[in-house]
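Shown next, in structure tokens, is the structure this report addresses.
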Amino acid sequence: MPERLLRTFIAVSVPNKVGKIQEMVKTIIPAEQKGLKWVNPKSIHLTLKFNGPTPAEIIPEMNLALQKIARDFTPIKLLIGNTGCFPNSGRPRVLWLGMAGAVDQLHSLVSLIHGAMEKFGFADESNKFNPHVTIGRIRYPQKKDLDISNFLNTSYEKINMVTDRIHFLSSELLPGGPVYSNLGTHYFSPKSDKE
């Protein structure tokens, strides 16, 4: 019998205000642009590690590893406050909102998660981690490149974000967009009174 594989990743939730920022930036990119698909506001998140195809039978062990990591962290204070794109503004494929704040702490978390997932056979790509929230994707080929200069030059009120848990999720790609299922939620340790 073939091995059952799930498409998994590890992420943190973002505030609902991110969806409002997405709505605002939609108005500054020409509506007639083809190939631009906005992420469903309910699906917006901050990805810490994308695993890809994952055997269902190792999910419990992976959850245990993530639980151990989460226990060693206290809530991380972040700030969502700028715009950007990947790979470059001449031919963008991903539109995102960037992160500031306790990014060093976030990088430490990501490094530990990648190290733990490497033991299960997933590549450690923590050195490539660039904290961002994807809000739109652009498909090619197109007759002309998408002009996102207004998006890149826009400003908005910064969003405070406190991360106190990580989610282990699976993603099923459907015609209407991805559908996520929660495989595990792991909470950080509460802050001590001394902090």
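The values are calculated or read from the model by the stated rules, or taken from the named source; none is laboratory data. Please read all numbers here as calculations on a predicted model, not as lab measurements. No Cβ is skipped: glycine too gets one built from the backbone with ideal geometry, and neighbour counts run over all protein chains shown.
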Within the stretch 55-67, the count of residues that are under 30 Å from N160 (Cα atoms) and free of Cβ contacts under 8 Å to residues at least 24 places away in the same chain comes to 1
Inset, instruction - Please verify whether the stretch 119-129 includes one or more residues that are surrounded by fewer than 17 Cβ atoms within 10 Å (Cβ to Cβ) and touching a Lys or Arg at 6+ places or on another chain (Cβ under 7 Å). - result: no
For I113, the lone unmet condition from (1) assigned to a strand (DSSP E or B); (2) touching a Lys or Arg at 6+ places or on another chain (Cβ under 7 Å); (3) crowded, with 16+ Cβ neighbours inside 10 Å is (1)
Note: among V133, V110, just one is modelled with pLDDT of 95 or more, within 19 Å of N16 (Cβ to Cβ) and not acidic (D, E), namely V133
Residue set G52, G19, G81; condition within 15 Å of Y156 (Cβ to Cβ), out of contact with any Ser or Thr (no Cβ under 6 Å at 6 or more places or on another chain) and in contact (Cβ under 8 Å) with a residue 60 or more places away in the chain; output residue G81
The number of residues in the stretch 149-194 that are under 26 Å from K37 (Cβ atoms) and under 17 Å from the mean Cα position of the chain (by Cα) is 16
Counting only residues in the stretch 72-98 that are among the small types (G, A, S) and either under 18 Å from the mean Cα position of the chain (by Cα) or outside any loop (DSSP other than H, G, I, E, B) (or both), the one nearest to H167 (Cα to Cα) is identified as G98
Exactly one of I80, I28, I76 is among the hydrophobic types (A, V, I, L, M, F, W, C), modelled with pLDDT under 95 and closer than 20 Å to T134 by Cβ, and that residue is I28
For A102, the lone unmet condition from (1) of a type in the set (A, V, I, L, M, F, W, C); (2) closer than 20 Å to M161 by Cα; (3) in contact with a Lys or Arg (Cβ under 8 Å, 6 or more places away or on another chain); (4) in contact (Cβ under 8 Å) with a residue 40 or more places away in the chain is (4)
